[in-house]
Each structure stands twice: as C-alpha cells, then as structure tokens.
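Here is the structure we will look at.
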Amino acid sequence: MPILDPSSGAANGPGSPSGRTFAQIRARANFGLVLPSAAVLVSPTLTMKKTRAHFPRIKTIAYEGPKTTNALAFRHYNPDEVIDGKTMAAHLRFSIAYWHSFRGAGTDPFGSATLQRPWEKGSDPVSIAKHRMDAAFEFFQKIRAPFWAFHDRDIAPEGRTLAESNRNLDRVVDHARDLQRATGVKLLWGTANLFSHPRYMCGAATNPDAHVFAYAAAQVKKALDATKRLNGTGYVFWGGREGYETLLNTNLKREQDHLAAFLHMAVDYAKSIGFKGQFLIEPKPKEPTKHQYDFDVASGIAFLRTYGLEKHFKFNVETNHATLAGHTFQHEIEVAAAQGMLGSIDANSGDLLLGWDTDQFNTDVRELTLAMLSILRAGGLGTGGFNFDAKLRRPSIDLEDLFLAHIGGMDAYACAFKIARRILAEGKFEEFVAARYASFDRGYGRTIEQRRVGFRELSKLALSKLGEPRPRSGKQEYLENLLGSYLH
Ligand code: XLS
Ligand code: NI
Ligand code: NI
C-alpha cells in the first residue's frame with residue numbers, strides 16, 4: 001500500500017532519480033500524496049526481471065477499497081477478488097492501448113507535443129522502441145492490466161522500405177515476446193496502422209490505386225504474423241481511411257467490393273498460418289474520412305453479410321465512436337450482441353460538446369452500468385476485453401497522470417460491473433421487460449412470433465374479438481428511478 005514514508009529515504013534519498021527534495025515531490029504529488037519510490041516491479045501476481053525502473057516512485061497499484069484517500073490506489077477494482085470462481089482481472093480483461101499511452105505525445109491540430117517521457121532516448125529508432133517498450137511493460141504491471149494492444153507502427157518504426165519496416169517489426173516483436181514471458185502480460189489484439197502514412201491518404205483497401213491495396217495487404221500480412229507470434233486473442237480492423245471525401249472522385253461500389261476482397265484475403269491468410277484469434281471490425285462513422293464505410297455496428301453487420309464475411313468477424317465497440325454515430329454506447333453493444341457479434345470494447349468516452357474522437361477515460365458509472373448490463377446479458381466478451389483506447393488530456397504531463405487516468409477508468413468499469421451484477425441478480429428490470437412483452441408468450445401473440453399467422457388472420461381477429469388496444473405506460477421514469485436506486 002503506497003504510504004508516505006520520508007524516513008525510508010526512498011522518495012528523496014540518494015537514489016532519487018529526480019534529485020528533488022521530499023518537500024518538492026510532496027508539493028507536486030496528487031491528493032497531497034507522495035509515492036513511495038523504490039523500483040518495485042513485482043506485483044502480487046506477476047513477476048518480471050528487474051530492469052531500470054521507468055516509474056521509480058510508483059509502486060504496483062494496490063486495491064484499498066472505496067474509503068481510501070490514496071489517489072494511487074484502486075477503490076473498486078480488486079484484480080485478485082474472486083467472483084463466481086473468476087478473479088476480477090479475468091472478468092474485466094483490461095488492456096492498455098500502446099498508441100495512446102506510449103506513443104501519444106500530447107499533440108493536437110493547434111499545438112506540438114507536451115509530453116516528454118524520460119525513456120524516449122537511445123541511439124537508433126529500434127533501440128528507442130525497445131526502451132520505450134520496457135517502460136510500457138513496467139506500466140502494464142504496475143497498473144495491474146493483464147493485456148495490451150498495439151498497431152504495428154506504434155511499436156516499431158517505419159523503415160525506408162517495406163522490407164526494412166518488416167525487419168524493425170520483427171526485432172521489436174521479439175522484444176515484446178520476451179517482455180510478455182517475463183511479466184505474464186498478454187496481447188489482447190494487434191492491428192496495422194493503415195491511416196497515418198501519406199501513401200494511405202486516399203484509403204488502404206479502398207484506395208483507387210491497386211498498388212496501395214497491395215502494399216496494405218503486405219502490411220496486414222506482417223501485422224497478422226506479429227499478432228500470432230505474440231499470441232494475440234484477436235486482430236482489429238478499424239477502417240480509418242476506408243471511406244471517402246467526395247463522390248466526384250469515388251466509385252463507392254468498387255471501393256466496398258475491394259474492402260470485402262481485402263477482408264476475405266485476411267481471413268484466408270489467417271487460416272493458412274493457423275491464427276485462431278478473433279477478427280474484429282471497429283466501426284466509426286467519420287474522422288478522418290467524411291464517410292467511413294463501417295459507420296456503426298448495424299452497417300457493419302449489413303456489410304459483412306452482404307459479402308459473406310459474417311462468420312469470421314465480431315465487433316470491437318468503441319464508446320466514442322458510438323456517440324459520434326449518434327448512438328449510445330449501450331445501443332451499439334446491444335446491436336452487436338443481438339446478432340451474437342459482440343467481441344470486444346474500446347473503453348473510452350467522448351466529449352459531447354466536441355465533435356470528434358476525444359478518447360477520454362470514461363468515469364461515467366451510469367453509462368458504464370448500462371453498458372455492463374448489456375454485456376453481461378450477452379454472456380460477456382469472451383476472448384475480448386476492455387481496452388483503454390483513451391489518452392491523457394494535453395496538459396496532463398506528469399507521469400503520475402498516466403496512472404491516475406487508468407485508475408479512474410478501471411475503477412469506473414469495476415464499479416459498473418459490480419452494480420450491473422447486483423441489478424441482474426435481483427432481476428427487477430428483466431421481470432419488467434418480460435411482463436411488457438408477455439402478450440407474445442401466449443395465444444395469437446405466440447403465433448405471430450412463430451410466424452404461423454398473416455395479415456388475413458390478424459385482421460379477422462382485430463375486427464372480431466380484439467377491438468381497440470388499451471395503452472399501457474412505458475414507465476420510463478419509474479425505471480430510471482429504479483436504476484438510480486442502485487447507483488446512489
Ligand atoms: C481510432 C480508433 C483506433 C483503433 C485502432 O479512432 O479508435 O485507435 O482502435 O486502430
Ligand atoms: Ni479504437
Ligand atoms: Ni477511436
């Protein structure tokens with residue numbers, strides 16, 4: 001348990017990397033707390049060979065319960081707590097997004113990087129990449145996240161040629177494999193960045209130039225190899241630039257056909273190398289393109305079915321993408337779950353006053369409880385997890401902020417998980433909803449669901465026996481109050 005212990009000399013002793021005094025550190029620390037120091041790289045459940053600590057003043061985050069005043073402790077997420085024979089860590093399967101937490105530098109369209117990380121140094125880009133990855137795995141352990149997720153170009157630098165990029169990736173993937181082995185942290189999913197480089201400015205699989213399509217295919221082939229090598233439980237396709245800006249230069253039908261061909265090739269290749277991970281589509285309506293083809297889960301399902309791909313894919317639902325599409329997070333989860341296609345979650349939230357993917361850490365327990373209800377009713381996420389596709393605000397420049405952000409997100413999900421379980425155990429909402437549809441459980445209602453009647457029979461029934469239906473209240477306010485009774 002992190003404690004304030006000036007006498008240990010840990011925070012301000014000779015080994016203090018910053019050389020700051022205890023008082024200075026204290027003044028800077030959050031919630032008036034000072035982090036204890038020492039290069040503790042060993043969590044209760046995971047072990048890792050000791051390397052130089054990149055977060056020397058932060059210990060493995062402990063669960064201290066809802067009453068703690070320690071900002072660097074969990075209040076609701078107790079990874080080791082066993083619920084229904086499974087630890088909370090195994091239920092929630094939290095994952096850290098490498099791109100935000102270890103490649104995000106705090107840039108925005110109006111300003112340059114604000115985050116300066118001490119590990120960003122080395123003699124060449126590949127050794128910097130490895131050094132950064134050491135810091136990342138130390139973070140994964142200390143924050144008690146059992147998984148991580150990456151894009152190929154997050155972890156390894158793009159080379160001058162594709163062959164060089166592939167070699168860079170191989171070297172860093174070897175390093176990741178060692179770190180995974182040493183720490184027990186596993187890969188949730190991998191993906192390829194098919195949107196940053198200028199070659200992809202008009203799309204990758206939907207680019208009008210077959211040359212770009214071929215290059216993207218080569219890149220995804222390699223990213224699949226890397227994901228397999230790291231035993232990823234899934235592989236994500238987010239179609240960042242798979243869409244268009246103007247129909248004046250676009251053949252929409254051809255682009256959609258090409259995207260489908262690309263996904264079929266990915267399925268075939270995965271099969272040929274024995275990659276058994278789950279393929280996931282991550283819908284998003286726009287940004288960076290104006291019209292993205294996989295706008296939301298519903299259009300994704302239609303696309304996959306149209307092209308005979310539905311057996312091979314599930315959905316990675318992102319909160320901020322749902323709201324950009326004009327939906328709630330819970331709606332997107334429910335639409336995917338209704339078709340047995342809920343795969344994983346990109347856990348974040350947007351700012352409803354800003355019109356873009358702000359990727360914030362979600363601390364809205366009400367929203368998350370509703371999402372959890374739908375996820376638990378659907379039987380959970382299977383091999384998916386809750387991946388924090390979320391980033392620090394630009395001025396949040398302290399290393400501690402990275403911990404505080406994830407602690408807040410993890411606690412909010414854990415809290416929502418517990419509330420949702422209680423709601424489901426008591427079954428009041430289920431009972432209400434079942435009663436609301438009960439007329440379809442019997443009599444002519446049942447024959448409608450079984451499709452044993454048609455308009456003729458129903459018309460006869462309405463004219464003879466039924467008469468005018470009696471309106472019944474939807475009881476929304478009652479149900480909102482009921483939800484409130486679980487929340488506060
Ligand atoms: C961008 C997406 C991206 C995917 C992975 O908006 O959320 O980060 O999750 O390519
Ligand atoms: Ni995402
Ligand atoms: Ni996003």
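The values are calculated or read from the model by the stated rules, or taken from the named source; none is laboratory data. What you are looking at is a predicted structure, and each value in this text was computed from that prediction instead of being measured. So basically every Cβ, Gly included, is an ideal-geometry build from the backbone, and we count neighbours across all protein chains shown. The accessibility values were calculated without ligands, DNA or RNA, using every heavy atom of the protein model including side chains. Shrake-Rupley method; radii C 1.70, N 1.55, O 1.52, S 1.80 Å.
Among the listed residues 302, 322, identify the single one that is hydrophobic (A, V, I, L, M, F, W, C), within 14 Å of the chain's Cα centre (by Cα) and either under 28 Å from residue 100 (Cβ atoms) or more than 16 Å from ligand 2 (Cβ to nearest atom) (or both). Even if it seems obvious, please write down each step before you answer.
Values: 302 fails: within 14 Å of the chain's Cα centre (by Cα).
Being hydrophobic (A, V, I, L, M, F, W, C), within 14 Å of the chain's Cα centre (by Cα) and either under 28 Å from residue 100 (Cβ atoms) or more than 16 Å from ligand 2 (Cβ to nearest atom) (or both) holds for just one of 302, 322, which is 322.
Would you mention how many residues in segment 374-401 are of a type in the set (Val, Ile, Thr) and open to solvent by less than 20 Å² (accessible area, probe 1.4 Å)?
To start, the set of residues in segment 374-401 that are of a type in the set (Val, Ile, Thr) comprises 375, 383, 397.
Now narrow it down to the ones that are open to solvent by less than 20 Å² (accessible area, probe 1.4 Å): 375.
Counting residues in segment 374-401 that are of a type in the set (Val, Ile, Thr) and open to solvent by less than 20 Å² (accessible area, probe 1.4 Å) gives 1.
Considering only residues of segment 230-280 that are more than 16 Å from ligand 3 (Cβ to nearest atom) and assigned to a strand (DSSP E or B), which is farthest from residue 149 (Cα to Cα)?
Here is the first cut: in segment 230-280, the ones more than 16 Å from ligand 3 (Cβ to nearest atom) are 230-235, 244-279.
Adding the requirement that they be assigned to a strand (DSSP E or B) leaves 234-235, 244, 278-279.
Numbers: 234: 10, 235: 9, 244: 27, 278: 14, 279: 14 Å.
This residue is 244.
Show the residue pairs that are 6+ apart or on different chains and have beta-carbon atoms under 8 Å apart, the first residue being within segment 431-442 and within 16 Å of residue 482 (Cα to Cα), the second being of a type in the set (A, V, I, L, M, F, W, C) and open to solvent by less than 70 Å² (accessible area, probe 1.4 Å).
432/479
In this structure, does residue 227 turn out to be among the hydroxyl-bearing types (Ser, Thr, Tyr), away from ligand 1 (no atom under 16 Å from the Cβ) and either more than 29 Å from residue 60 (Cα to Cα) or buried (at least 20 other Cβ atoms within 10 Å of the Cβ) (or both)? So that I can check it myself, show each step before the final result.
On the way: among the hydroxyl-bearing types (Ser, Thr, Tyr): yes; away from ligand 1 (no atom under 16 Å from the Cβ): no; either more than 29 Å from residue 60 (Cα to Cα) or buried (at least 20 other Cβ atoms within 10 Å of the Cβ) (or both): yes.
When the stated conditions are applied, residue 227 does not pass them.
Which count do you get for residues in segment 281-324 that are within 13 Å of ligand 3 (Cβ to nearest atom) and surrounded by fewer than 20 Cβ atoms within 10 Å (Cβ to Cβ)?
Of the residues in that region, 3 qualify.
Could you check, for segment 179-200, whether at least one of its residues is closer than 17 Å to residue 266 by Cβ, over 22 Å from the mean Cα position of the chain (by Cα), without any contact (Cβ under 8 Å) to a residue 60 or more places away in the chain and open to solvent by less than 70 Å² (accessible area, probe 1.4 Å)? Working first, answer last.
Looking only at segment 179-200, we keep the residues that are closer than 17 Å to residue 266 by Cβ, and these are 189-195, 200.
Restricting the remaining residues to those that are over 22 Å from the mean Cα position of the chain (by Cα) gives 200.
Then keep just the ones that are without any contact (Cβ under 8 Å) to a residue 60 or more places away in the chain; that gives 200.
This time we only want the ones that are open to solvent by less than 70 Å² (accessible area, probe 1.4 Å), so: 200.
Scanning segment 179-200 turns up at least one residue that is closer than 17 Å to residue 266 by Cβ, over 22 Å from the mean Cα position of the chain (by Cα), without any contact (Cβ under 8 Å) to a residue 60 or more places away in the chain and open to solvent by less than 70 Å² (accessible area, probe 1.4 Å).
Scan segment 350-376 residue by residue and report those that are closer than 20 Å to residue 147 by Cβ and within 15 Å of ligand 1 (Cβ to nearest atom). Lay out the reasoning, then the answer.
Of the residues in segment 350-376, the ones closer than 20 Å to residue 147 by Cβ are 359, 361-362, 368, 371-372, 375-376.
Matches in segment 350-376: 359, 361, 362.
Could you please let me know if residue 421 is open to solvent by 80 Å² or more (accessible area, probe 1.4 Å) and either touching a residue at least 60 places away in the same chain (Cβ under 8 Å) or over 33 Å from the mean Cα position of the chain (by Cα) (or both)? Write out each step before concluding.
Working: open to solvent by 80 Å² or more (accessible area, probe 1.4 Å): no; either touching a residue at least 60 places away in the same chain (Cβ under 8 Å) or over 33 Å from the mean Cα position of the chain (by Cα) (or both): yes.
No.
Pick out the one residue from 208, 283 that is over 18 Å from residue 344 (Cβ atoms) and either of a type outside the set (Gly, Ala, Ser) or outside any helix (DSSP H, G or I) (or both).
Values: 283 fails: over 18 Å from residue 344 (Cβ atoms).
Going through 208, 283 in turn, just one is over 18 Å from residue 344 (Cβ atoms) and either of a type outside the set (Gly, Ala, Ser) or outside any helix (DSSP H, G or I) (or both): 208.
Within segment 340-356, can one find any residue that is acidic (Asp, Glu), away from ligand 3 (no atom under 16 Å from the Cβ) and either at pLDDT 95 or above or part of a helix (DSSP H, G or I) (or both)? Outline the logic, then answer.
So in segment 340-356, the residues acidic (Asp, Glu) come out as 346, 351.
Among the residues that remain, those that are also away from ligand 3 (no atom under 16 Å from the Cβ) are: none.
No - not one qualifying residue is present in segment 340-356.
Is it true that residue 239 is of a type in the set (Gly, Ala, Ser), within 15 Å of ligand 1 (Cβ to nearest atom) and at positive phi? Give the derivation first.
Details: of a type in the set (Gly, Ala, Ser): yes; within 15 Å of ligand 1 (Cβ to nearest atom): yes; at positive phi: no.
No: the conditions fail for residue 239.
Across segment 460-477, what is the total count of residues that are exposed (fewer than 11 other Cβ atoms within 10 Å of the Cβ) and part of a helix (DSSP H, G or I)? Spell out the reasoning first.
Of the residues in segment 460-477, the ones exposed (fewer than 11 other Cβ atoms within 10 Å of the Cβ) are 463-465, 467-474, 476-477.
Now restrict to residues that are part of a helix (DSSP H, G or I): 463-465, 476-477.
Total satisfying the criteria: 5.
Looking at (1) within 16 Å of ligand 3 (Cβ to nearest atom); (2) in contact with an Asp or Glu (Cβ under 8 Å, 6 or more places away or on another chain), find the lone condition where residue 219 falls short.
(1)
Taking segment 289-319, which residues are in contact (Cβ under 8 Å) with a residue 40 or more places away in the chain, assigned to a helix (DSSP H, G or I) and under 29 Å from residue 198 (Cβ atoms)?
Listed by number, the list holds a single entry, 303.
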